[in-house]
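These notes concern the structure reproduced below.
What follows is calculated from the coordinates using simple rules that are stated; it is not laboratory data. Everything numeric in this text was worked out from a predicted model, so none of it was measured. In this analysis, Cβ positions are derived from the backbone assuming ideal geometry, glycine residues included, and neighbour counts consider all displayed protein chains.
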Amino acid sequence: MPTTVKAFGAFGADEKLVPLEITRRDVGENDVAIAIRYAGICHSDIHTIRGEWGEIAYPQVVGHEIVGEVTAVGSAVTGHAVGDRVGVGCMVGSCGECDYCRAGDEHYCEKGNIGTYAAKDVDGTITQGGYSTDVVVDAGFVLKVPESIPYDKAAPLLCAGITTYSPLARWGAGPGKRVAVVGMGGLGHMAVKIAVAMGAEVTVLSRSDAKKDDALAFGAVAHVATGQEGALQALANSFDLVISTLSVPFDIDAYLATLRPHGALVNVGMPPEALEIHAGSVVMGGKSFSGSNIGSIRETQEMLDFCAEHGIAPETELIAASQINDAYERTVAGDVRYRFVIDTATLAA
């Protein structure tokens, strides 16, 4: 029978998040039930629940950085067992039949992957996210969390970690490569740590020097305050790869100019406005402007194992459920270093 669980969500785009109850489906033969221990707060949660990325159904519970323990498995599940440390990221399903799913790129499913929240599930219901005590997920979308990664630190890896790991791995960040990370928030600080661990020479490009000490402590060799006049021009032909985490409009041409020939500028942020780019900025120098959207389940597991091997963890601030609305305002204001994580035990208090 479906189970009612405690959660924290909103009843409208303009309303605060409040305690509520949601229903989780019964555990099917291919499902895993998870007692959620921690859930990270991603800026995407805020955009979604406030209707800034389009209309959604309410009430809605968000959260796609989920870690916890397996409490039950379906009869056909072999890869997970009760008591396992597991995680769930930005998607909980896909068609499994299209060319992309068959190739292991289920995040680019032709029919659209099933998001962890605010998406239509296979049974026609709307998916509800990780700001809750329990969840039931298709076993194929459940990750193993290595023992060496603390639960609360593991949560942001399921979005911020994979979102930055995937393009860094795809574009070959490593020894001999100069990588620039634009913006050092929840995504950016993970990009710095991961790129450094891959062996790349990393520079942080941020509007001010406010986070310079952090950037250098995370292993960056340099920090450039792009708000200073002429800062980007002085970096012409400097980098092999630029990862932009910006979710606000920015001058693509100016950042492309910092690339060496054959270099790539990869955007993982999602500015709401259209961005302008001049063809000459990529043609001259054979440069690329591209995007990257989270990563596959295979890549996500690879990322978790990589972080465990290299001792990589996000910088987090642990909060109770009652602090979520305040955390939202602080996230929008950039007042967090660098990711809020919810102790979901406080949902049942």
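Take the chain and mark each of the GluC sites (Glu not before Pro) that is in a DSSP loop with at most 15 other Cβ atoms within 10 Å; the longest unmarked stretch, sites excluded, is 148-228. In a simple Cβ point-charge model (Lys, Arg +1; Asp, Glu -1; nothing else charged), the stretch 96-200 has a dipole of about 680 debye relative to its Cα centre.
About its Cα centre, the chain has a charge dipole of approximately 660 debye under the convention of +1 per Lys or Arg Cβ and -1 per Asp or Glu Cβ, with nothing else charged. Using C-alpha pairs below 8 Å separated by at least 6 residues, the relative contact order for the stretch 161-291 is 21 percent. Here the label points at Ala210 and Asp326, each 7 Å from Cα along the C-beta direction, are separated by 1.9 nm in the simple model. Quick one: grab the alpha carbon gyration tensor of the stretch 161-291, order the square roots of its eigenvalues as a ≥ b ≥ c, and give me rounded if a/c is under 1.5, else prolate or oblate depending on whether a/b is larger than b/c. Rounded. Spin-label pair Thr23-Glu302: with each label point 7 Å from Cα along the Cα-Cβ axis, the two points sit 4.0 nm from one another.
With both labels modelled 7 Å from their Cα along Cα-to-Cβ, the Glu317 to Arg102 distance reads 4.8 nm. Here the stretch 168-206 is scanned for amide nitrogen atoms under 19 Å from the site 7 Å beyond the Cα of Arg337 along Cα-to-Cβ, giving 181-194, 203-206. What the Cβ-Cβ distance of Ala76 and Thr4 gives, at R0 = 30 Å and to the nearest 0.05, is a FRET efficiency of 0.75.
Compared with the dominant principal axis of the Cα atoms in the chain, helix 160-170 is inclined by about 50°. Each of Ser247, Ser322, Ser44 was scored by other Cβ atoms within 10 Å of its Cβ. Listed from fewest to most, they are Ser322, Ser247, Ser44. Here the dipole of the stretch 161-291 is about 400 debye; that uses its Cα centre as origin and unit charges on the Cβ of Lys and Arg (positive) and Asp and Glu (negative). Among Lys16, Lys211, Lys6, the order by Cβ neighbours within 10 angstrom, fewest to most, reads Lys16, Lys6, Lys211. For the chain, which longest stretch is free of loop sites, where a loop site is one of the chymotrypsin sites (Phe, Trp or Tyr not before Pro) that DSSP puts outside H, G, I, E and B and that has at most 14 other Cβ atoms within 10 Å? Maximal segment without exposed cleavage sites: 54-349.
Compared with the dominant Cα axis of the chain, that is its longest principal axis, helix 297-310 is turned about 70°.
Summary of the geometry: the stretch 199-251 and the stretch 1-60, compared by the centres of their Cα atoms, lie 35 Å apart.
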